[in-house]
Amino acid sequence: MEAESIPSLSPLIESADQWGELLLLLPLLVALEAVLSADNAIALAAISRQLHEPKLQRQALNLGLGLALVFRLVLIAAARWVLDFWPLQLLAAGYLLWLCLSNLMPMTAGASEEGADPAAPAEPPVDRGLSAVVVTLALTDLAFSLDSVAAAVAVSDNLWLVMAGGVLGVVALRLTSGLFIRWLEEFRHLESAGYLAVGLVGLRLVLRLAMPDLVPPEWALLALVALLFAWGFSARNDAPQPDEVQP
């Protein structure tokens, strides 16, 4: 006699199957979120640096990712309808491309001006308000979430399991964003590499809508992002020189 045929044991077997799926798939979903969110983390760190006080940066990340978590859970709950809604994907792609270009162009212009006149004083960066940065952080994570949520839903159709993976993914994203804030101060190309990765994700979303046959596989995108990160970590900022002692 098979155990499944005993009515009193059926709930225990089903519970064991559910726990087995949880123990097997939850680490996979968290790892998937972490891998697909590497470029997201550096983008969020760069956005939060628009607030120049470390306390405000931490506050913006906490509030922004708290709001982003709500957006993610709604997106997961409505994934069956939302992920096939092409206007949302087009809007997300346009937002990511705008975020990439609007941040890379000032960097390029600043570098050219610095090369043209090294003696000219640099203009201080614009310090945005806390609420604007919080909304930008939440919208950026939402745009990135289309890929990670689609991948997570493909791994498991258990709604609560995917939501648990999303929650842990946001927690990991908060920790890695805090690390990237420090690294952005240390490595000169890292911010540019992060925004270029943002542009790659936006281009992939556009290709998925316009020419789905030409969409590169996920591993190709991750390889390009890894190359960008290698370039981003390739050069450190010049260490400040101590003042010369006057005789």
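In the range 203-232, how many residues are at pLDDT below 80 and surrounded by 13 or more Cβ atoms within 10 Å (Cβ to Cβ)?
5
All but one of (1) modelled with pLDDT of 70 or more; (2) farther than 25 Å from LEU200 by Cβ; (3) buried (at least 18 other Cβ atoms within 10 Å of the Cβ) hold for SER131, so report the exception by its number.
With (1) modelled with pLDDT of 70 or more; (2) farther than 25 Å from LEU200 by Cβ; (3) buried (at least 18 other Cβ atoms within 10 Å of the Cβ) applied to SER131, the lone miss is (3).
Tell me, please, whether a residue that is at pLDDT below 85 and surrounded by fewer than 19 Cβ atoms within 10 Å (Cβ to Cβ) can be found in the range 188-201.
The answer is no; no qualifying residue exists.
Restricting the search to the range 81-95, which residues are assigned to a helix (DSSP H, G or I) and without any contact (Cβ under 8 Å) to a residue 60 or more places away in the chain?
TRP81, VAL82, PRO87, LEU88, LEU91
Suppose we filter the range 21-74 for residues that are at pLDDT 85 or above, among the charged types (D, E, K, R), within 28 Å of GLU185 (Cβ to Cβ) and in a helix (DSSP H, G or I); how many remain?
2
The values are calculated or read from the model by the stated rules, or taken from the named source; none is laboratory data. No experiment lies behind these values; they were computed from the predicted model shown. With ideal geometry, Cβ positions are generated from the backbone for all residues, glycine too; neighbour counts draw on all protein chains shown.
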